Amino acid sequence: MQNLKLLSLSEIQHVLSRLGEPPFRAEQVLEWVYRGVTAFSEMTNLPKSLRQKLSENFFIAGLTPSCVLGSSEVERAQTVKFLFSLDDGREIETVLIPDFKSDAQKRLTVCVSSQVGCAMACKFCATGYMGFTRNLTVGEIVGQVEVAAQWGKTHWNQRLTNLVFMGMGEPMLNFERVMEAVYILTSHRYPFQIGERHITLSTVGIVSGIYRLAEMPSKINLAISLHSAIEAKRRDLMPIAHEVSLAELRRALIAYYAKTQREIFIEYLLLDGINDSEEDARALIKFARSVPSKINLIDYNPIANIDYRRTCDERKARFRALLHEAGLFASVRRSRGKDIDAACGQLATRSISSKRLQPVLKMRSE
């Protein structure tokens, strides 16, 4: 028996074709699945014969968190981290970030994983030290959002407003499944209905994925994890830079903007004494002027056994001021959930959190 909820729309279409059913039934099946139905007998707009076939070959079960942690932040609502144990025993983490400035301005963001572990081995990221295990299925991606959405509704009576693919893994290396999940999460057919412009996909710089995203009809946002615009420094921090130069990345971003006319988000983690000098700021200014962009400056969040330090407030303010003086928009992203290892760069499942971290780089996609 196979869990139907782990399958994508295209995979269900293939299943139905094998069963001698027309492909349009796949949308009907998936609509029932994400309405919370777990018994095929309740899928009343399907022929009885099909319901019988499905019940003989499939079951329906969503993701269930094995652990839920709430931060100790003094906020109107706490950041929440979910640990999910998957069917094969692997684990992933998902973060739900409430931002309720007032009753009139409420924002609820879910940070979603796309892979078990990550092959990119960025030196400042805990997930990168796990290495890569496998890509998540469409159902495992959507399932994280489903649990987070239910939590927001139950605890805060608030629907999800934003989604970021900034959890575990490199989403461009699971491109097809990520984009199929985006369809389910944005389509009017399903209960999530998150606006495309409120979804952001973050990549370390997989240029093939950037070109592919530019050709997609989807209007989701693109974020680039840059962290240095000086070639040697970026190569030291991010092994992907040995394969993709800043010039190649710049060309891909220029092509992306020419095709989509959508500005790009540049993620820049400030590390004390490493990438926070005036020289670093000037290099970032030069790179960011290639295409319309917004820069998010990120504080480093501590990771066990890693010696990087957070840039001090004075140095951070000077760095930001240089960007502003150059006419660039730069904001400082506020870290949430540091005390439960839910902040940027801290996601690593509990099974490896107490081990000494060893970086692994192995480019993988399915």
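Within the range 104-124, the set of residues being open to solvent by less than 30 Å² (accessible area, probe 1.4 Å) and part of a loop (DSSP other than H, G, I, E, B) comprises Val112, Ser113, Ser114, Cys118, Ala119, Met120, Ala121, Cys122, Phe124.
Considered as a group, the residues in the range 132-171 that are part of a strand (DSSP E or B) and touching a helix residue (DSSP H, G or I) at 6+ places or on another chain (Cβ under 6 Å) include one that is nearest to Thr203 (Cα to Cα), and that residue is Phe165.
Condition check ((1) within 29 Å of Arg309 (Cβ to Cβ); (2) of a type in the set (Lys, Arg); (3) open to solvent by 10 Å² or more (accessible area, probe 1.4 Å)) across all residues:
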position	(1), (2), (3)
Asn162	no, no, yes
Pro171	yes, no, no
Glu180	no, no, yes
Pro191	no, no, yes
Ile199	no, no, no
Ala229	yes, no, yes
Ala232	yes, no, yes
Ile240	yes, no, no
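Pairs meeting the criteria (first residue in the range 128-153 and touching a residue at least 24 places away in the same chain (Cβ under 8 Å) and of a type in the set (A, V, I, L, M, F, W, C), second residue in a helix (DSSP H, G or I) and open to solvent by 40 Å² or more (accessible area, probe 1.4 Å), beta carbons under 7 Å, at least 6 apart or on different chains) are Leu136/Arg177; Val138/Arg177; Val138/Glu180; Ile141/Arg177.
Each residue in the range 34-68 was checked for being under 25 Å from Glu93 (Cβ atoms) and more than 23 Å from the chain's Cα centre (by Cα), and 2 of them qualify.
Is it true that Glu267 is of a type in the set (D, E, K, R) and open to solvent by 40 Å² or more (accessible area, probe 1.4 Å)? No: the conditions fail for Glu267.
The values are calculated or read from the model by the stated rules, or taken from the named source; none is laboratory data. The structure displayed is predicted, hence computed values, not measured ones. Glycine gets a Cβ as well: all are built from the backbone with ideal geometry, and neighbour counts include every protein chain shown. Just so you know, the surface numbers come from the protein's heavy atoms only, side chains and all, with ligands and any DNA or RNA stripped out. Shrake-Rupley method; radii C 1.70, N 1.55, O 1.52, S 1.80 Å.
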